[in-house]
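Okay, structure first, notes after.
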Amino acid sequence: MSARALLHSFSPHFRPRISPPDFSVSKKSFGFSLPELKRREFLHFRVRLQSDEGCGVFRVSVRNSGRGGKVYADVKSEPYEISDTVPESVKFQDGLNDVVLSEGELESSAPWWEEFPKRWVIVILCFSAFLLCNMDRVNMSIAILPMSAEFNWNPATVGLIQSSFFWGYLLTQIAGGIWADTVGGKLVLGFGVVWWSIATALTPVAAKVGLPFLLFVRAFMGIGEGVAMPAMNNILSKWVPVSERSRSLALVYSGMYLGSVTGLAFSPFLIHQFGWPSVFYSFGSLGTVWFAVWLNKAYSSPLDDPQLRPEEKQLIFAHSVSKEPVKTIPWGLILSKAPVWALIVSHFCHNWGTFILLTWMPTYYNQVLKFNLTESGLLCVLPWLTMAFSANLGGWIADTLVSKGLSVTTVRKIMQTIGFLGPAFFLTQLSHVNSPAMAVLCMACSQGTDAFSQSGLYSNHQDIAPRYSGVLLGLSNTAGVLAGVFGTAATGYILQHGSWDDVFKVSVGLYLVGTVVWNLFSTGEKILD
């Protein structure tokens with residue numbers, strides 16, 4: 001119990017006329033620091049409580065339960081003496097010194113790292129998993145340049161290799177969500193990281209064996225990364241209260257963008273110093289470090305965590321929306337709704353341009369802007385840094401607009417329209433730009449506005465069907481992955497028979513189609529219960 005509650009609980013034979021005073025503390029008086037209080041099994045001291053009627057002396061035995069930091073006190077009274085003075089404080093005696101303890105310090109004495117919310121530990125671990133996810137994905141876009149020179153690959157072959165990742169990635173979108181709901185997000189996300197890390201480390205071996213084996217290993221890697229997003233959504237839906245969900249999702253998705261930054265920044269250095277295979281070996285090994293921490297710290301649900309503090313568990317469940325488990329999925333009803341198809345089509349149109357940037361921009365910088373390998377990797381960092389910043393900015397703007405009374409539908413349409421028309425405009429400017437610096441700036445602005453989609457279509461799944469948001473994410477992201485498969489391969493074909501202007505025209509056309517479909521058919525209101 002708290003010190004204030006302890007003083008109020010004394011018997012009617014002694015009760016001060018004034019309300020219990022605020023306490024202050026001298027930490028040196030006990031002979032040990034207050035953070036040690038909860039670590040001590042027993043503590044004995046006397047309390048002398050004074051009022052205008054007298055002074056009572058009590059023997060207090062404090063016992064640490066070891067469960068959630070709770071402290072129990074046994075209080076026994078001793079004969080008390082009369083006093084004519086009314087001090088402004090209550091003195092606790094430990095037999096050596098008189099001390100005055102603060103209520104707040106009695107109740108919160110653990111180090112700050114033990115008080116750090118466990119739910120945000122989970123969020124940070126998910127963030128780091130997505131950081132590794134994109135690091136392992138974008139390293140091929142840098143390494144493909146020396147690899148194609150060594151193995152004599154033409155642009156069409158390069159496009160085939162780049163797109164092979166999405167073959168496996170496509171397979172596990174919906175399956176990953178169902179699996180996470182069944183066995184728990186911890187196991188699924190841990191499996192995914194280990195799976196794609198092994199595939200990353202095997203890539204140099206596969207390339208030397210032959211093209212078919214390389215295509216298989218890249219597809220194998222896609223299988224692992226395909227379960228990451230559904231598993232993450234499953235975990236955060238259980239750990240993060242609704243009031244913190246936008247911030248947590250923004251942080252996790254920022255991990256993807258910063259993963260691209262890290263991969264593109266370090267890959268050229270590793271290739272220059274140790275050769276292109278070193279990129280895959282070093283990046284792949286990081287997954288084992290993450291997995292060891294994940295096994296030790298993560299749980300699929302707060303109910304599974306024996307070390308979760310009771311007050312945090314109460315906070316999570318008090319502010320979470322309780323949902324009955326989904327037993328059957330009404331596919332017919334879901335696919336009959338126009339906003340669902342708006343989500344699917346818009347996700348396809350959005351990802352076409354995004355995946356082209358992810359996989360082909362180093363080649364664009366090298367072939368068109370004549371940057372060398374190191375310059376290509378470093379300049380590719382800027383668009384992803386811009387995305388990491390603008391994704392969080394867009395989330396803050398969207399939440400602010402909703403809090404000021406703007407409808408969720410209007411906010412989603414505004415944010416996604418920026419996410420479509422912004423990239424379309426800046427891509428059209430590339431053909432009119434002569435300076436490499438201006439070309440890089442256009443790319444950064446294109447991807448910066450693209451990231452506003454996190455507050456548009458990426459937030460819309462829980463708007464329109466909160467109980468089936470995992471299924472909707474699987475459906476729309478499947479369409480997005482198809483855009484990656486076709487767009488990445490088609491870009492190689494277009495470059496072999498056309499130019500980069502043709503590549504950008506296709507992306508701009510799809511952005512415009514997505515804008516029209518989104519504004520005509522999307523909604524922020526719940527359409528499925």
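The values are calculated or read from the model by the stated rules, or taken from the named source; none is laboratory data. It should be emphasised that the depicted structure is a prediction, and the values quoted were computed from it without experimental measurement. Quick reminder, even Gly has a Cβ in these numbers, built from the backbone with ideal geometry, and neighbours come from all protein chains shown. In case anyone asks, the SASA skips ligands and DNA or RNA and just uses the protein heavy atoms, side chains included. Shrake-Rupley method; radii C 1.70, N 1.55, O 1.52, S 1.80 Å.
Suppose we filter 386, 363 for residues that are of a type in the set (Ser, Thr, Tyr), closer than 21 Å to residue 252 by Cβ and either part of a helix (DSSP H, G or I) or modelled with pLDDT of 85 or more (or both); which single one remains? Break it down into steps so the answer makes sense when it comes.
Details: 363 fails: closer than 21 Å to residue 252 by Cβ.
It is 386.
Just the residues that are open to solvent by 70 Å² or more (accessible area, probe 1.4 Å) and under 19 Å from the mean Cα position of the chain (by Cα), please, taken from segment 145-200.
Residues satisfying the conditions are 181, 187.
Which number in (1) at pLDDT below 80; (2) crowded, with 21+ Cβ neighbours inside 10 Å; (3) more than 30 Å from residue 121 (Cα to Cα) marks the one condition that residue 370 misses?
It is condition (2) that residue 370 fails.
Quick check, is residue 431 buried (at least 21 other Cβ atoms within 10 Å of the Cβ) and in the same structural domain as residue 339 (by the TED database)? Talk me through it step by step, then tell me what you get.
On the way: buried (at least 21 other Cβ atoms within 10 Å of the Cβ): no; in the same structural domain as residue 339 (by the TED database): yes.
So residue 431 does not fit the description; no.
Considering every residue within segment 471-493, establish whether at least one is outside any helix (DSSP H, G or I) and either of a type outside the set (D, E, K, R) or at pLDDT 85 or above (or both). Spell out how you get there, then give the answer.
The initial filter retains those residues of segment 471-493 that are outside any helix (DSSP H, G or I), namely none.
Within segment 471-493, none of the residues are outside any helix (DSSP H, G or I) and either of a type outside the set (D, E, K, R) or at pLDDT 85 or above (or both).
In segment 313-335, what residues are at pLDDT below 70 and polar (S, T, N, Q)?
320, 322
Give the number of residues within segment 273-306 that are open to solvent by 90 Å² or more (accessible area, probe 1.4 Å), touching a residue at least 12 places away in the same chain (Cβ under 8 Å) and more than 22 Å from the chain's Cα centre (by Cα). Walk me through how you get there before you give the answer.
Restricting attention to segment 273-306, the residues satisfying the condition of being open to solvent by 90 Å² or more (accessible area, probe 1.4 Å) are 273-274, 281, 288-289, 295-297, 303, 306.
When the remaining residues are screened for being touching a residue at least 12 places away in the same chain (Cβ under 8 Å), the result is 281, 288, 295, 297.
Still in the running and more than 22 Å from the chain's Cα centre (by Cα): 281.
Residues meeting the conditions: 1.
Suppose we keep only residues that are within 32 Å of the chain's Cα centre (by Cα) and touching a residue at least 60 places away in the same chain (Cβ under 8 Å) within segment 203-224. Which one would you say is surrounded by the fewest Cβ atoms within 10 Å (Cβ to Cβ)?
204
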